[in-house]
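Shown next, in structure tokens, is the structure this report addresses.
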């Protein structure tokens, strides 16, 4: 990936990371949809905001520090992980998957993935154009 970084600064590597994370989010959403009727299944989602910021090199944000033992420990904020998705109402069987919400989120995630792929294609197209014009 170092060759790509030298050609495209951090844009392509950041977009590649965004695509990887979207893929992982897609897996979580598909699992939710597949388990929509499974008793006691709790919906999950992928938390990857900090990881994406790190991929794009966002160093401007202040690091969060746990100042009280009752506060959330955010020292591991750079890692993407599955987190509970509480958006759906819990049914009598303990399942909280709202199929409409999951399908909507899945469609949005698919669009995000496609947009990142299109941006990478455009970056590569610019390099191709520069190589052809340089002949």
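Numerical summary
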read-out	value
Every residue from segment 124-135 that is part of a helix (DSSP H, G or I) and either within 13 Å of residue 43 (Cα to Cα) or out of contact with any helix residue (DSSP H, G or I) (no Cβ under 7 Å at 6 or more places or on another chain) (or both)	124, 125, 126, 128, 129, 130, 131, 132, 133
Selection count, segment 16-34, where residues are within 10 Å of residue 45 (Cα to Cα), touching a helix residue (DSSP H, G or I) at 6+ places or on another chain (Cβ under 6 Å) and surrounded by fewer than 19 Cβ atoms within 10 Å (Cβ to Cβ)	1
Output for segment 12-38, where each listed residue is over 10 Å from the mean Cα position of the chain (by Cα) and farther than 18 Å from residue 101 by Cα	12, 13, 14, 15, 16
Qualifying residue in segment 85-93 (condition: within 18 Å of residue 48 (Cβ to Cβ) and part of a strand (DSSP E or B))	no
Which numbered condition residue 81 fails, given (1) out of contact with any strand residue (DSSP E or B) (no Cβ under 8 Å at 6 or more places or on another chain); (2) at pLDDT below 95	(1)
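Table: residues versus (1) at pLDDT 85 or above; (2) assigned to a loop (DSSP other than H, G, I, E, B).
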site: 58; (1), (2): no, yes
site: 62; (1), (2): no, yes
site: 65; (1), (2): no, yes
site: 69; (1), (2): no, yes
site: 96; (1), (2): yes, yes
site: 100; (1), (2): yes, no
site: 107; (1), (2): yes, no
site: 116; (1), (2): yes, no
site: 122; (1), (2): yes, no
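The values are calculated or read from the model by the stated rules, or taken from the named source; none is laboratory data. All of these numbers come straight from a predicted model, not from anything done at the bench. In this analysis, Cβ positions are derived from the backbone assuming ideal geometry, glycine residues included, and neighbour counts consider all displayed protein chains.
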